[in-house]
1. For the ranges 22-30, 34-42, 56-64, what's the packing order if you count other beta-carbon atoms within 10 Å of each residue, average per peptide, and put the highest first?
2. List, in order, the whole-Hz ³J(HN,Hα) value for each residue of the range 108-115 obtained from phi through the Karplus relation with A = 6.51, B = -1.76, C = 1.60 and θ = phi - 60°; use x for Gly and Pro.
3. Sequence-distant or interchain residues sharing an amide H contact under 5 Å with Tyr26, placed H: which?
4. Given R₀ = 22 Å, what would the calculated FRET efficiency be for Gln16 paired with Phe97, taking r from the Cβ atoms and rounding to 0.05?
5. Of all alpha-carbon pairs in the chain, indicate the percentage at a distance above 26 angstrom.
6. So, with a 1.4 angstrom probe, what is the percent of accessible area on the range 1-49 that is carbon and sulfur?
7. To the nearest 20 Debye, how big is the dipole of the chain about its Cα centre, given +1 on the beta carbon of each Lys and Arg and -1 on that of each Asp and Glu?
8. Just list whichever of Lys7/Lys65; Lys65/Lys89; Lys7/Lys27; Lys23/Lys85 have alpha carbons separated by over 24 Å in the model shown.
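The values are calculated or read from the model by the stated rules, or taken from the named source; none is laboratory data. This is a predicted model, so every value here is computed, not measured. In this analysis, Cβ positions are derived from the backbone assuming ideal geometry, glycine residues included, and neighbour counts consider all displayed protein chains. Ligands, DNA and RNA are excluded from the accessible area calculation, which covers all protein heavy atoms including side chains. Shrake-Rupley method; radii C 1.70, N 1.55, O 1.52, S 1.80 Å.
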Amino acid sequence: MITSNEKTIFGKVAYQLCEEILKGNYKGEDRIPSVRELAVTYEINYNTVLRAMEVLQREEIVYQKRGIGYFVCADAKKKLLKGQKEDFKRQQLPELFRQARMLGISIEEIVEVWNQGLSPRPLP
């Protein structure tokens, strides 16, 4: 699964495309920009983008139509949501809860901030 912790450039490109799919900028069966267009956009080497696309193909997030380009798989968003939710629960929530405990922030305070639209109150 592609995560936000990616260290390689091609991993970061793959993660960025996944974010675009999750945001709804690319929907199932949409054509995504060509490898060359993405290389220009990200100002990186063509081969680096190609590696990102290979990763996304292996994860069944995109598929290629020869001579036409890459397209988002019909169930890509569903797969990404499932994988990233699990990653979030496994990787980020434990750290959030560790810090909350250390700072003496109760679960009730966390829920209160959540219910306020995820924006913390300004400091006095």
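1. Peptide ranking by packing, descending: 56-64, 34-42, 22-30.
2. Rounded to whole hertz, the list is 5, 5, 5, 4, 4, 5, 4, 5.
3. Ile21
4. Calculated value: 0.20.
5. Working: 2752 of 7626 pairs.
Every Cα pair in the chain considered, those over 26 Å come to 36 percent.
6. The C+S portion of the solvent-accessible surface of the range 1-49 is 48 percent.
7. Here the chain has a charge dipole of around 260 debye.
8. Lys7/Lys65; Lys65/Lys89; Lys7/Lys27
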